[in-house]
Amino acid sequence: EHAHGEDFLVRKLAQLDWLFSGLPTFTWQLVAVDDGCPDGSGQAAERILRERAPHAPARVLFLKDAIEAGSPMARGLVSTDESRKGGSIQHGLWTAASEHEAADHVVAYTDADLSTHLGQLGLLIDPIVRGGRDSAIGSRRDPRSVVVKGGARSERGRKFIALWKEMLPLLADITDTQCGFKAWRASAALEILPDLIEHQFAFDVELLIKTELRRPGSITRVPIAWIDSEAASTTPEFDPYLGMLKSIAAMYQRYLPPEEDAEQVAAMVHAADRSEDVFG
């Protein structure tokens, strides 16, 4: 109905049905999570599922309910205002991972938009189920990826990458931490998800740090096809880089031993009051 509407729930369900139909050994469920949207997205999603996909294996969770119930995934959150994307995805992953004990149970997350076709989920599932990895992450910067995106990476974006790599050398081989297409073996996710400190946009980085520390070399990068869907994106409304760098500096200090270059970058980031203090 909206000018930028993508009918994403119904289309994602169709993508998953296309992928798994004819694979009787697989079962799947789509879990949508409302992050406290002031426009009532969660209620709208429930109505769409009820009216247009009543028999689909899909449901809606609300981060607000997790906070009120004292869920371990909502620890440190007083309200949904303190979460930007991270809290809802953590709640969804934890819920999905907790409900099945099968050894080959995989949990994945993707953005609400349709930038990544879910028919590509097999690219994430295969290295986990057959390759023994704990996590598989989509990478838009892999030379084999197909990416359709308007504009080029800004100088600020390039400097952001260089600075976080100075603080987190254990993730140096990962070139795209923020792609919204990642999966984990459920048993690994249940060990990684507790006691997270980040519920904002840098939550991906903390998940990757904990995955790598738990079992070095257990993350694999996967080339994907990704078509940007930014017409109604909320991210361009503000500059997330400084906030993310401050979060990453806190992660470095929590998870990694002190290192001279990283200490200098972390101190600079913590002292910055404006993006210009870091990026010029």
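The values are calculated or read from the model by the stated rules, or taken from the named source; none is laboratory data. Remember, it's a predicted structure, so these values are computed and weren't measured experimentally. Backbone-built Cβ (ideal geometry, glycine too); neighbour counts: all protein chains shown. These accessible areas exclude ligands, DNA and RNA; they are computed on the full protein's heavy atoms, side chains included. Shrake-Rupley method; radii C 1.70, N 1.55, O 1.52, S 1.80 Å.
For region 1-21, which residues satisfy the criterion of being within 16 Å of Pro57 (Cβ to Cβ) and not charged (D, E, K, R)? Correct list: Leu9, Val10, Leu13, Ala14, Gln15, Leu16, Trp18, Leu19, Phe20, Ser21.
Looking at Ile192, Ile197, just one residue is under 30 Å from Ser98 (Cβ atoms), touching a Lys or Arg at 6+ places or on another chain (Cβ under 7 Å) and open to solvent by 50 Å² or more (accessible area, probe 1.4 Å), and that residue is Ile197.
Name the residue that is surrounded by the most Cβ atoms within 10 Å (Cβ to Cβ), counting only residues in region 1-48 that are within 18 Å of Ala66 (Cβ to Cβ) and β-branched (Val, Ile, Thr). Across region 1-48, the extreme among qualifying residues is Val33.
If the condition is being more than 29 Å from Val129 (Cβ to Cβ) and either in a helix (DSSP H, G or I) or more than 22 Å from the chain's Cα centre (by Cα) (or both), then region 1-15 contributes Glu1, His2, Ala3, His4.
Checked against the criteria, Lys159 does not count as open to solvent by less than 50 Å² (accessible area, probe 1.4 Å) and under 30 Å from Glu263 (Cα atoms). Which residues, counting only those in region 16-52, are farther than 21 Å from Leu123 by Cα and part of a loop (DSSP other than H, G, I, E, B)? Within region 16-52, Asp35, Gly36, Cys37, Pro38, Asp39, Gly40 meet the criteria. Could you look through region 94-117, keep only residues that are in contact with a Lys or Arg (Cβ under 7 Å, 6 or more places away or on another chain) and open to solvent by less than 40 Å² (accessible area, probe 1.4 Å), and pick out the one that is nearest to Val31 (Cα to Cα)? Filtering first and then ranking leaves Tyr109. Only one of the listed residues (Ile161, Ile174, Ile128) is under 19 Å from Leu207 (Cβ atoms) and without any contact (Cβ under 8 Å) to a residue 40 or more places away in the chain. That residue is Ile161.
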